[in-house]
Each structure stands twice: as structure tokens, then as C-alpha cells.
Amino acid sequence: PLKPHPQRNGSERNPGAAPPRLPFSRVTREDLAFFRTLLPGRTITDPDLLKSSNVDWLKTVEGNSEVLLRPKTTEEVSQILRHCNERNLAVCPQGGNTGLVGGSVPVFDEIILSTSLMNQVITFDNISGILTCQAGCVLENLSNYLEERDFIMPLDLGAKGSCHIGGNVSTNAGGLRLLRYGSLRGTVLGLEVVLADGRILNCLATLRKDNTGYDLKQLFIGSEGTLGVITAVSILCPRKPKAVNVAFLGCSSFQQLLETFQCCRGMLGEILSAFEFFDASCMSLLEKHLKLTNPITESPFYIVIETAGSNATHDEEKLHKFLEEVMTSSLVTDGTVATEATKIKALWSLRERVTEALTHEGYTYKYDISLPVEKIYDLVQDMRGHLGDMAKNVVGYGHVGDGNLHLNITSPSKDPALLAAIEPYVYEWTSEWKGSISAEHGLGLKKRNYIYYSKPSEAVALMGSIKAMLDPKGILNPYKTLPDNIH
Ligand SMILES: O=C(O)CC[C@@H](O)C(=O)O
Ligand SMILES: [Zn+2]
């Protein structure tokens, strides 16, 4: 049995819901005139055009902003923020708006500052592999740009077709390649950021090594636009691998899946580039809603393993030895391998489209948890027992290699009783095992008040001081990341 958490008690209102509006100014005719002069044709006030920017991808958080600004340059972002800071106008920075925690949409009438027209590559050095680009470049466009030059982005995720690199960096998005190339905290070498008062902070270094003073860019990575607006990014890109293989495998227990992971690390070593999983419930939803077909025999667990290396023969030999080992030892019950691009894509889409399949089930309660890897599926099973038939589906999938579980719980529609049964139970469970309640998606609006389950109050208080120093009026992405009350 778990102890109740000291910061929570059952009588409080839903801590993921919106707090009351803070006393920011309202946009006036004079403000609009200023924006229209600065951004002619790029100051959007038509409610129809604003609709999709006011609501998140999951359609669970909706604001009512009346102004969407689409700057093209850092200088324009600087002028916007200087004006908003002077006028005490709240701003919601927005990239591709693919976030899952309500971090990228206004909560009330915050001005939406979109990076969608800041989509230019600035430089690419094909010796060092360092790319410098504006924040609004779409991840997939950057991937295509680099692939033509024999490089790749160090991150890849399901939302690649819409998400912006600036948003990826602001949320420190993880994704499918983190196991191999590490987090953005390591691959981002420099940032240009506009601070709340309009000052431009040019830390756009392109150096692998740079120990001169505090590493300020880290403050903006993962802080969800609450400390500054990222306008450009320098990022270290790996060479495009000459050989890529994907194996799609079935396992009959999570224990066997973990043993397969251990074996895989040992036998594939440096060519392993992803180790992902999803459970049988995810597979049913992929079949039911997206009409995807399971390429192997039905199993309780499915694994996607990717190898990426420089020598096809060497990689295939390693992969086949590994597959032989896990098949003969019965760790894996069935499997298929792809080397050809379209088949690789088809296998990957099974894993990448789980989130999309879930949206067809009604309302989804989403949890993005880091735990010791051997514990990740215990949480799913425990939750199934705990919720009984209150939930329509309790599914688990995610990044085994990173100890990151995506626990998703669906119900036909929003259900406060179900929510009360899930939270804070899920956070207490996570905290008990010293996990993180926000592994790679951020805290946004939905998780901000649960921060104490993963961070001591001294750390949260220091975050509050940093916020107060960089954004004294609190105009940048209010109601996000930090809790309503810092204690
Ligand atoms: O929807 C989710 O919970 C996870 C989304 C994404 O991080 C993934 O790994 O597919
Ligand atoms: Zn993920």
C-alpha cells in the first residue's frame, strides 16, 4: 500500500485543470495597430484562422486567443516581446502544436506567437555535421534536407511531419532515437533565444566543447517556452547510416522482453539504434482503428528493434546471430525483419501510430513516466487491477531503451471518477520508485501541479526564482510547467 502524498489530498480540485486567469492586460486596438505595422499580413485575428491554434492536437485543451502573430525574424520576435512585456500582455509560444500536455496552446487569451514562418536553414557544415536553423523548421523537412547531404537528425518522433525543431528543443522531446544519439541536452550545441523583455540572447555556438561559464542554453531546453522563446538552434547531426534494419518481434511476457533487451544490447552493441515496445492492447487498436495488419503471430508484447550502421554485411550478420539466439532460447516467439525502406516504414508505423489509434477510442488519459526499466510494465498491470472495468483500455508502450513508459488509459468520454482513480495514484506509484512523472513530454498545463512527485520543493523554489529573474511579469507561457503555488 502506498502512502498518500503530503502535497495532495482528495478534496482538491483537479490539479491539471486551468487556474483562474492572471491579471494580464487585454489586447487593445493600439496593440493590434502596433502588431499590424510590425507584421503586415502576419497578424491574424480571424477567429476561423485562429481556431486550430487555440486547441491542442488531442483536442483536450482550448484557449480563446484573439491574436496569432507569425514573425519571420528574430528581430520581429524581439519587438513583439518587448511590446508585450511593456504592456503586460501574456504570450503563448507555439511551434507545430503537437504537444500532449497542453503546453502549446493558450489557456485564456494569451497572444499566440507562432514560429511557423521561421523555417529557414541558416547553415550546415558537412564536415562537423552541425546544422543551424530557425526554430520553426519542421523536423521532417530538416531530416530530408540532411538526408540529401548524407546526414540525419539526432532525433526522430511520430509527430515529425508537423513538429518544429524549436518546440522539440523547448520540450526536450525524446523520441525513437534517444537510445543511440542521446537527448537534445547533449546534441543541441547552441541556441538563440529572445527573453521576455525582448533582449536577444545569442548563444548560437557550433562548438562541441565550450566550458566558458554557465551553460545557459540548458535553461531553455525543456522549459517549454516559460523562460524565453527559442528562435534558432544549432544541432549536431550524425552521418546517415549506410545500412538500416528493423526487426519486429513478439514476446510472451515482459520478463522475456527485458531479457531480449539485455541480449540485444550485448549482441548488437554499437549498431543498435532503437528498442521500442507496445503491448497486445495497442495492437488491437491499430488493427481496429487504423486497419494496420500485424505482420507476425499474436503475442502479448511486440518489440521494434532498429540497427543503423556503416556496413550492411556486418550489420546483417550481427542481427541474424542475435535473432537466432533469441529465437532458439524462446525469448522471442515470432519475428520479421526489414531492410527495404518501405517495409521498414511499415513496421515503424505500427509503433509510431499507437497514439493516433488511441484517439479513436474516446478520451485518453496519458502518462509519460520514467521508471527503472524492469518496473515499467508492472505499473500497467497494477493500474489494470486498480481500475478494474472503470477504464475501457489500459495500455502500455514506449521506449524500453530509455526506461520510458507511455501508460495510456481510455474511456468513451471524459470521466472525472476515472481520473480520480488514476491520479494521484499513478504519481504516487512513480514517486515510490523514484521515477519521473514527465519523462519526455513536459509538464505543460496538465502536469504542472504534480511536479513535487518528481522534484524536491527546494528545486521547485529555485525554478521559481529563475522564472522570476528571466520573466518578472510572468508573461511567457503562463499556467505552464511551474505549479500554481510554489511552496
Ligand atoms: O501518446 C503518447 O502517450 C506517447 C507519444 C510519443 O511520445 C510516443 O512515444 O509514441
Ligand atoms: Zn514517446
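Rule-based calculations on the coordinates, nothing more; no lab input. Model, not experiment: these values are computed from the prediction. Positions of Cβ are backbone-derived with ideal geometry, glycine not excepted, and every protein chain shown enters the neighbour counts.
Measuring between their Cα centroids, the stretch 127-169 and the stretch 328-374 lie 23 Å from each other.
Summarising the overall dimensions of the stretch 352-403 from its C-alpha atoms, the Rg and Dmax are 11.8, 31 angstrom. Helix 341-352 axis versus longest C-alpha principal axis of the chain: approximately 70°, rounded to the nearest ten.
What's log10 of I(q)/I(0) for the chain at q = 0.08, 0.10, 0.12 Å⁻¹, Debye sum over Cα points only, no solvent? Summing over Cα pairs of the chain leads to -0.49, -0.78, -1.12.
Only Lys, Arg, Asp and Glu carry charge here, each on its Cβ (+1 for the first two, -1 for the last two); on that basis the stretch 121-236 has a dipole of about 260 debye about its Cα centre.
In Å, the Kirkwood hydrodynamic radius of the stretch 379-487 over pairs of distinct alpha carbons?
Every distinct Cα pair counted, the radius reaches 15.6 Å.
For the stretch 277-346, GluC sites (Glu not before Pro) are listed when DSSP marks them as loop and at most 12 other Cβ atoms sit within 10 Å of their Cβ; the list is GLU298, GLU340. For the stretch 243-346, the dipole from Cβ point charges (+1 on Lys and Arg, -1 on Asp and Glu) about the Cα centre works out to 260 debye, to the nearest 20. Mean projected area of the convex hull spanned by the Cα atoms of the stretch 182-308, taken over all viewing directions: 11.8 nm².
Within the same chain, lysines fewer than 8 places from LYS209 are excluded, and of the rest, those with a Cα less than 20 Å from its Cα are LYS217.
Taking the number of Cβ atoms within 10 Å of each Cβ as an exposure proxy, the fewest-first ranking of PHE261, PHE277 is PHE261, PHE277.
Rounded to the nearest 20 debye, the dipole magnitude of the chain is 940 debye, with +1 charges on Lys and Arg beta carbons, -1 on Asp and Glu beta carbons, and the Cα centre as origin.
The calculated P(r) of the stretch 29-114, using every Cα pair and 10 Å bins from 0, goes 19, 53, 26, 3 in percent. Per-residue 3J(HN,Hα) values for the stretch 117-129, derived from phi via the Karplus relation 6.51 cos²θ - 1.76 cosθ + 1.60 with θ = phi - 60°, read 9, 9, 10, 9, 6, 8, 8, 9, 9, 7, 8, 7, x Hz in sequence order (x marks Gly and Pro).
A Förster distance of 41 Å, applied to the separation of the beta-carbon atoms of VAL121 and GLU340, puts the FRET efficiency at 0.90. The length gained by stretching the chain between ALA461 and LEU38 to full extension, at 0.36 nm per residue less their Cα-Cα distance, is 148.5 nm. Each of ILE305, THR187, ASN202 was placed along the dipole of the stretch 180-324 (beta-carbon charges, centred on the mean Cα), and the one lying farthest toward the positive end is ASN202. Here LYS242 is the anchor, and the aspartates and glutamates within straight C-alpha reach of less than 20 Å, apart from those fewer than 8 places off in the same chain, are ASP125, GLU140, GLU147, GLU148, ASP150, ASP156, GLU270, GLU306, ASP315, GLU316, GLU317, GLU340.
With neighbours defined as other Cβ atoms within 10 Å of a residue's Cβ, the residues LYS392, LYS446 order from fewest to most as LYS392, LYS446. Lysine pair count for the stretch 243-346 (Cα-Cα distance under 24 Å; residues 8 or more apart in sequence or on different chains): 8.
Extension gain for the segment VAL55 to ARG82, taken as residue separation times 0.36 nm less the Cα-Cα distance, is 7.1 nm to one decimal. For the stretch 317-378, the square roots of the Cα gyration tensor eigenvalues, ordered a ≥ b ≥ c, give a/c of at least 1.5 with a/b no greater than b/c, which places it in the oblate category.
Using the Karplus relation 6.51 cos²θ - 1.76 cosθ + 1.60 with θ = phi - 60°, the per-residue 3J(HN,Hα) values for the stretch 58-73 come to 7, 6, 10, 10, 9, x, 9, 5, 10, 9, 10, 10, 10, x, 10, 10 Hz, with x marking Gly and Pro. Kindly state, to the nearest 0.05, the FRET efficiency for ASN144 paired with THR293, given R0 = 25 Å and r defined as their beta-carbon distance. After rounding to 0.05, the efficiency reads 0.35. Footprinting exposure proxy ranking of MET383, MET153, fewest other C-beta atoms within 10 angstrom first, gives MET383, MET153. Distances between placed amide hydrogens fall under 5 Å for GLY222 paired with SER170, THR171, ASN172, all partners being 5 or more residues away or on another chain. Seen against the Cα atoms of the chain and their longest principal axis, helix 29-38 is set at about 70 degrees. Once fully extended, how much extra length lies between GLU30 and ARG208, figured as 0.36 nm per residue of separation less the alpha-carbon to alpha-carbon distance? Computed gain between GLU30 and ARG208 is 59.5 nm. One Cα centroid belongs to the stretch 224-301, the other to the stretch 434-457; the line between them spans 24 Å. Here is the list for the stretch 125-161: GluC sites (Glu not before Pro) lying in DSSP coil, each with at most 11 other C-beta atoms within 10 angstrom of its C-beta, are GLU148. The phi torsions of the stretch 217-232, fed into the Karplus equation with coefficients 6.51, -1.76 and 1.60 and a -60° offset, translate into couplings of 4, 4, 5, 8, 7, x, 9, 6, x, 8, 10, x, 9, 6, 10, 8 Hz, rounded to whole numbers, with Gly and Pro shown as x.
Between the amide H of SER438 and those of SER370, distances stay under 5 Å, these residues lying 5 or more places away or on another chain, with hydrogens modeled in the peptide plane. Compute the long axis of helix 312-328 from its Cα atoms, compare it with the longest principal axis of the Cα atoms of the chain, and write down the angle in degrees, 0 to 90, nearest 10. Tilt relative to the chain: about 60 degrees.
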